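Read-outs throughout are calculated quantities, based only on the coordinates presented, and are distinct from any laboratory measurement. Because the structure is predicted, anything quoted here is derived from the model rather than measured. Counting neighbours? That spans all protein chains shown, and the Cβs are built from the backbone with ideal geometry, glycine included.
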Amino acid sequence: MLKQNGFSLFEILLSMAFSSLIFIGITSFYSKLQAILLEKNLHIHLEKNIHQGLVSIAKDLKRAGFIANQPEKMKKLAIEINTLANCYIFRYDSEIRNDWVYNRLNPTNSDIFVYRFYKNNLEYKVGAANCEGSNWEKIFDPHDIKITQFSIKQQNNYFVINIAAQLKKNKKIIYQTVTIIKNENPF
């Protein structure tokens, strides 16, 4: 009788069992890897949005106090910090007009830039005389990001901006940063 080469039933069952264990392990690893990558992407999304919001605040804060050619025209404070209302007013000559312009009829043509922390978001307005009123522009999408903390503190000729946020869809995703900004204009 000829000897047949091949696998026995036991060998096939054993290889199927090992293959199944390897497949289950890979599937488990893949699903955990996907969850980790999703969480990391959400964290990057939050971090990127916060840093984009900080860019505009830092730009205005660095310019505060600037008056082209005639700094002696400064009649008001370049920076007003209202810690009780968590509101910050910056003034600078944005269009090199040799003065700080305030236009009540056309506030968007003014040199006053106001930020406030209001209802878990940062809001922005050009030409506001104070921190009250309506028609504020939200810096962050209120359906996506919740700002939990915001402050600007003055330390000599630099400012410390502290901001903390979390995603509304996934409250585990949080981000906090402290940024130091040097004002470029003496006031």
Practice problem: Along Cα→Cβ, 7 Å out, is where each label goes; now give me the distance between the ones at N156 and F7 in nm to one decimal. | Solution: 7.5
Self-check item: Per-residue HN-Hα couplings for segment 102-118 [Karplus 6.51, -1.76, 1.60; θ = phi - 60°; Hz; x = Gly/Pro]
Solution: 10, 10, 5, 6, 10, x, 5, 9, 9, 9, 10, 10, 10, 10, 9, 9, 9
Quiz item: Can you give the FRET efficiency for L105 and L38, using 1/(1 + (r/R0)^6), R0 = 45 Å, r = Cβ-Cβ distance, to the nearest 0.05?
Solution: 0.35
Practice problem: Using only the Cα atoms of segment 2-58, build the gyration tensor, take square roots of its eigenvalues as a ≥ b ≥ c, and label the shape rounded, prolate or oblate: rounded if a/c is under 1.5, else prolate if a/b is larger than b/c, else oblate. | Solution: prolate
Quiz item: Please state the relative contact order of segment 68-136 as a whole percent: Cα pairs under 8 Å, 6+ residues apart?
Solution: 25
Practice problem: Decide, for segment 100-187, between rounded, prolate and oblate: order the square roots of the alpha carbon gyration tensor eigenvalues as a ≥ b ≥ c, take rounded if a/c falls under 1.5, and otherwise choose prolate if a/b is larger than b/c, else oblate. | Solution: oblate
Practice problem: Mind checking which lysines have their Cα closer than 25 Å to the Cα of K75? Skip sequence neighbours fewer than 8 apart in that chain. | Solution: K59, K62, K125, K153, K182
Quiz item: Taking only DSSP H segments of four or more residues, each worth -39500 (n - 2.57), what value at 222 nm results for the chain once the sum is divided by all its residues, to the nearest 500 deg cm²/dmol?
Solution: -11000 deg cm²/dmol
Exercise. Search the structure for amide H atoms under 5 Å from the amide H of Y118, placed 1.01 Å from N in the peptide plane, and list their residues when 5 or more places away or on another chain.
Key: E123
Quiz item: Straight-line reach from K119: which aspartates and glutamates have Cα under 19 Å away, leaving out those fewer than 8 places along the same chain?
Solution: E132, E137, D141, D144
Quiz item: Got a sec to turn the phi values of segment 35-42 into Karplus ³J(HN,Hα) couplings, 6.51 cos²θ - 1.76 cosθ + 1.60 with θ = phi - 60°, whole Hz, x for Gly and Pro?
Solution: 5, 5, 5, 4, 4, 5, 5, 5
Quiz item: Working out 0.36 nm times the residue gap between S28 and E72, then minus their Cα-Cα distance, what length gain in nm do you get to one decimal?
Solution: 9.0 nm
Quiz item: Based on the inverse mean of 1/r over its pairs of different Cα atoms, what is the Kirkwood hydrodynamic radius of the chain, in Å?
Solution: 20.3
Practice problem: With only Lys, Arg, Asp and Glu charged, each at its Cβ (+1 for the first two, -1 for the last two), find how big the charge dipole of the chain is about the Cα centre; round to the nearest 20 debye. | Solution: 280
Quiz item: How do 164-172, 115-123 rank on mean C-beta neighbours within 10 Å, highest first?
Solution: 115-123, 164-172
Quiz prompt | Relative contact order (percent, whole number), the chain, Cα cutoff 8 Å, 6+ residue spacing | solution = 17
Exercise. Pick out, from N130, I44, S20, the residue whose Cα sits farthest towards the positive end of the charge dipole of the chain, with +1 on the Cβ of Lys and Arg and -1 on the Cβ of Asp and Glu.
Key: S20
